[in-house]
Amino acid sequence: MYYILHIMTNFGPYIKQKREQLGGKSNSLRKVAEDVNIEPSYLSKIERGLVAPPGEEAITRIAHRLNLDKDITLAMAGKISSDLHEAITRRPELFARLIRAVVNQPEDKMVKIVEEIKDGEW
């Protein structure tokens with residue numbers, strides 16, 4: 001139960017902070033809600049942590065509208081994208097081993113691993 005409340009209190013303020021950093025009338029709560037096709041009252045409740053984060057589609061629309069990384073925004077909501085979920089569930093043992101192997105590594109080493117895999121030089 002604590003985990004869900006913890007997510008709810010972090011996701012909403014994260015969205016609110018990012019929206020307010022953009023500033024201006026075009027980034028008002030009402031305008032952003034309209035642009036992402038949700039009710040302003042619902043977005044307000046999300047930002048105040050009064051409701052659980054919405055589903056992947058709504059979070060993706062919010063991320064796009066606020067120029068945020070989709071995967072980071074989903075992670076702030078305690079979720080992962082459906083394409084990543086599918087990749088993990090196809091090979092769960094391998095992904096579990098991979099994540100556990102790198103989770104405590106310094107960020108620079110993790111970046112190097114990702115770059116090597118992307119470049120095919122591993």
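General observations
- Residue match in the range 93-106 (condition: of a type in the set (Lys, Arg), touching a helix residue (DSSP H, G or I) at 6+ places or on another chain (Cβ under 8 Å) and without any contact (Cβ under 8 Å) to a residue 12 or more places away in the chain): no
- Residue within the range 76-83 that is in contact with a helix residue (DSSP H, G or I) (Cβ under 7 Å, 6 or more places away or on another chain) and loosely packed, with under 13 Cβ neighbours inside 10 Å present: yes
- The lone exception for residue 67 - which of (1) free of Cβ contacts under 8 Å to residues at least 60 places away in the same chain; (2) under 17 Å from residue 36 (Cβ atoms); (3) open to solvent by less than 80 Å² (accessible area, probe 1.4 Å) it fails: (3)
- For residue 115, the test of being assigned to a helix (DSSP H, G or I), within 30 Å of residue 26 (Cα to Cα) and open to solvent by 90 Å² or more (accessible area, probe 1.4 Å) is failed.
- Top-ranked residue of the range 52-64 - restricted to ones that are open to solvent by 30 Å² or more (accessible area, probe 1.4 Å), modelled with pLDDT of 95 or more and not charged (D, E, K, R), ranked as nearest to the chain's Cα centre (by Cα): 60
- Flag for residue 30 being closer than 12 Å to residue 15 by Cα, open to solvent by 40 Å² or more (accessible area, probe 1.4 Å), touching a helix residue (DSSP H, G or I) at 6+ places or on another chain (Cβ under 6 Å) and not aromatic (Phe, Trp, Tyr): no
- Of 38, 99, all but one fail to be loosely packed, with under 11 Cβ neighbours inside 10 Å and out of contact with any strand residue (DSSP E or B) (no Cβ under 8 Å at 6 or more places or on another chain); the exception is 99.
The values are calculated or read from the model by the stated rules, or taken from the named source; none is laboratory data. This is a predicted model, so every value here is computed, not measured. All Cβ positions, even for glycine, are placed from backbone atoms using ideal geometry, and neighbour counts span all protein chains on display. Heavy atoms of the whole protein, side chains included, go into the accessibility calculation; ligands, DNA and RNA do not. Shrake-Rupley method; radii C 1.70, N 1.55, O 1.52, S 1.80 Å.
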